[in-house]
Amino acid sequence: MEEKYGKAAREILSCVGGEGNIVSAAHCATRLRLVLKDDSKVDLNALENIELVKGNFNNGGQFQIILGTGIVNKVYGEFIAIAHITEMTKEELKQQAAKKMNPVQKLLKTLADVFVPILPALVASGLLMGINNILTAQGMFVPGKSLVEAFPAIKDIAEMVNLFSNAGFTFLPVLIGFSAAKIFGATPILGAVIGAIMIHPDLMNGYGYGQALLDGTVPYWHMFGFSVAKVGYQGTVLPVIASAFCLAVIEKRLRKVVPAMLDNIVTPLLSVLLAGALTFLFIGPVMRGVGDMMTNGVMWLFFDLGALGGLIYGVTYPLLVITGMHHSLVTAETQILANIGTLGGSPTFAVVAAANCAQGAAALAVMCRSKNDPKMRSMASASGISSMLGITEPAIFGVNLKLRYPFYGALIGGGIGAAYATIMHVLSVSQGPCGVIGVICIRPDCMVQFMVSMVIAIISAFGATMFLGKVVGQKEKTGKAAPGTEEKPALRIETEPGCIYAPVEGKAIPHTEIQDATFAAGVVGEGVGIIPVKGEVVAPFDGQISMFFDTKHAIGLVSDDGVEILIHVGVNTVELQGKHFTPLKQSGDKVKAGDRLLEFDMDAIKAAGYDLTTAVLVPAPNHVEVVKTGEVKQLDKILTTS
């Protein structure tokens, strides 16, 4: 078993350009994360054919290889040993990967890094808000009354839960200030102080700023000819992030010029004073406007465009996931949730959940269509379920994008489910897992419609994928079927006991003429070699696969009447380590004569300098008689045994 992980590590290292192309490596729960010198050196086709690899994608400067829980850590241990690199944490790897990012990617990564640490607080607050809604919702459990009205004894409990649920959003700038300061390199607690200043109770509450502008009642400070609004920043996100960045710049500069003996006094004082002043003078007003524009844009998309807006968002979201730009949506989502009292909830959660469930449904459709591809079937089933629980990367990168048509089917289904959720005004009260289990984050009065929208997305995506798969599965003019689609009907014949039929089409020659000393001498067994004209191997009789070699180039079979044979594609092709070979069956599978067992890329193997002569050999002590040589088609009788 351990050798399997070592073999996978060696194959991966070869596929990503070897030891010299590795900058650094780390792993998370499911993926091997690499920073490479030159991404163009990656052999994607060979990588996808490695047994343990379930998919791959390149995002945020990292080349990520999906291996799965319980596997990735073992492969990683072998990988860093043979690549001669030191173990690295995910944070260290991110720093290496950031060097390869463009400015837009760096900005999106920064936004994600700021929000990830505080998401648990937002999720907890949102779920507590959901509990409070259940306690206070009219008619949910008791006709015409809320639970609090029906059972007055729980009134104080409901008030306490409501207090707890509001805390995270009320003091959101403090949380963001702490996290952002840490990301930007400032003292985190000073970032929290800046956040606290921005929501100080002596300031006018930010939620009333809009009405105060209309009424002309906004209070101001008057300093040095400037009029500075005495308004807080409750419910905002971008102003405190920008202020934390300003704080970091000021603090770093001061650390360089302030004498060490005064550093602990002067630097915090001036950092907070200057950053706070700039916040109310310039940063806050400008970034409040930018944040309002983002929020208004999202709300316009959903509440003005309606179903069309939801469809656009649902179709666009998976496209953003591919590029990593979906992280930028966290900012608007957090600001909407921070204003949940006035907005009632966020419309984006249900749309994203519909898009994710659609990706899962498309992958499950691929599973149903991949009856003769065990690896794809296994990958599609696992990633499909994962996607419906909110983790879409394995499905998107490992299955749907690879085959293309499932991704299109998922876009169709996700768009339809998202449009329905938007029509029904399905709103969430917190962030959480964007899948079917995300119902816990939905407003109580919207939960049923949320589940309906998920069902619509799943059924639509599954049906669209099955239809598209059937369409692209038809043979193209070249006669080549599209990958991952309908299986080609197997050839069928009436077999005879002791007979072996041609597994490949081509020119059959006696085994003594194979350009390999071992095969020619009959050490492995007697039979024929076939110089193939088509890169496909089929079962030569009814029986069972006794062994499918790890290197994919050779197959051992035993017939129902006990005849054993070896099919070995090419001479010395073991050196390819499975490259250019695609198994369609696995060890232990029962087969009928004509079932497709293996595909191989003839042009690529020839280009690599290998002889394609395929040995079909029966081991001793069987007596073997060659029935036919010369031109043979698949399932022509070529050998008999006794």
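Taking a ≥ b ≥ c as the square roots of the eigenvalues of the Cα gyration tensor, the stretch 152-236 is oblate, since a/c reaches 1.5 or more and a/b is not larger than b/c. Rolling a 1.4 Å probe over the protein heavy atoms leaves K628 with an accessible area of roughly 70 Å². Normalise the Debye intensity by I(0) for the chain, one equal point scatterer per Cα, no solvent, then take log10 at q = 0.07 Å⁻¹ and round to two decimals. The Debye formula, applied to the Cα set alone, gives -0.60. Packing order of peptides 181-192, 147-158, highest average first: 181-192, 147-158 (average count of other Cβ atoms within 10 Å over each peptide's residues). Ranking R33, R404, R443, R253 by solvent-accessible area of protein heavy atoms (1.4 Å probe, all protein chains present), from largest to smallest, gives R253, R404, R443, R33. Ordered from largest to smallest accessible area (heavy atoms of protein chains, 1.4 Å probe), the residues V193, V53 come out as V193, V53.
Given Cα pairs under 8 Å that are at least 6 residues apart, what percent is the relative contact order of the stretch 521-595?
Here the relative contact order equals 38 percent.
Let's test the formula: R0 of 51 Å, r as the Cβ-Cβ distance of D43 and I459. What FRET efficiency results, to the nearest 0.05? It comes out at approximately 0.85. The C-alpha atoms of the stretch 114-159 occupy a region whose extents along the principal axes are 43, 19, 9 Å, arranged from largest to smallest. A 1.4 Å probe, protein heavy atoms only, puts the accessible area of H222 near 140 Å². The charge dipole of the chain, taken about its Cα centre with unit charges on the Cβ atoms of Lys, Arg (+1), Asp and Glu (-1) only, comes to about 1480 debye. Measuring with a 1.4 angstrom probe and ignoring ligands and nucleic acids, E159 comes out at about 100 Å² accessible.
FRET efficiency for the D542 to A124 pair, using the beta carbon distance and R₀ = 41 Å, is estimated at 0.10. From Cα pairs below 8 angstrom and at least 6 apart in sequence, can you work out the relative contact order of the chain, rounded to a whole percent? The value is 10 percent.
Of the DSSP H helices in the chain, those with a Cα length along their own long axis of 24 Å or more and a mean Kyte-Doolittle hydropathy reaching 0.0 comprise 119-136, 238-257, 260-278, 284-303, 307-323, 348-369, 405-423, 447-472. Counting 0.36 nm for each residue step from L320 to K534 and taking away their Cα separation leaves a gain of 73.0 nm. Calculated accessible area for the chain comes out at 45 Å² per residue, all protein chains present (probe 1.4 Å; ligands, DNA, RNA ignored). Gain on full extension, evaluated as 0.36 nm per residue between I82 and Q586 minus their Cα-Cα distance, stands at 178.6 nm. Per-residue extension of 0.36 nm, minus the Cα-Cα distance of F467 and A521, leaves a gain of 14.2 nm for this segment. Scalar couplings 3J(HN,Hα) for the stretch 586-596, obtained by applying the Karplus form with A = 6.51, B = -1.76, C = 1.60 to θ = phi - 60°, are 9, 4, x, 5, 7, 9, 10, 3, x, 5, 6 Hz; x denotes Gly and Pro.
Just to confirm the filter: which trypsin sites (Lys or Arg not before Pro) across the stretch 501-574 are DSSP coil and have at most 15 other Cβ within 10 angstrom of their Cβ?
The qualifying sites are K534.
Computed FRET efficiency, Cβ-Cβ of A137 and L389, R0 30 Å: what is it to the nearest 0.05?
0.65
For the stretch 498-642, calculate the relative contact order in percent as a whole number, restricting contacts to Cα pairs under 8 Å that are 6 or more residues apart. About 36 percent, as a whole number. Measure off, as a whole percent, the carbon and sulfur share of the 1.4 Å-probe accessible area of the chain, all protein chains present. With neighbouring chains kept in place, the figure for the chain is 62 percent.
With all protein chains present and a 1.4 Å probe, how do S378, S165 order by accessible area, largest first?
S378, S165
The values are calculated or read from the model by the stated rules, or taken from the named source; none is laboratory data. Here the structure is a predicted model, which is why all the values come from computation and not from measurement. A quick note on method: Cβ atoms are made from the backbone with ideal geometry, for glycine too, and the neighbour counts reach across all protein chains shown. When the accessible area is computed, the model is the full protein with side chains, heavy atoms only, and any ligands, DNA or RNA have been set aside. Shrake-Rupley method; radii C 1.70, N 1.55, O 1.52, S 1.80 Å.
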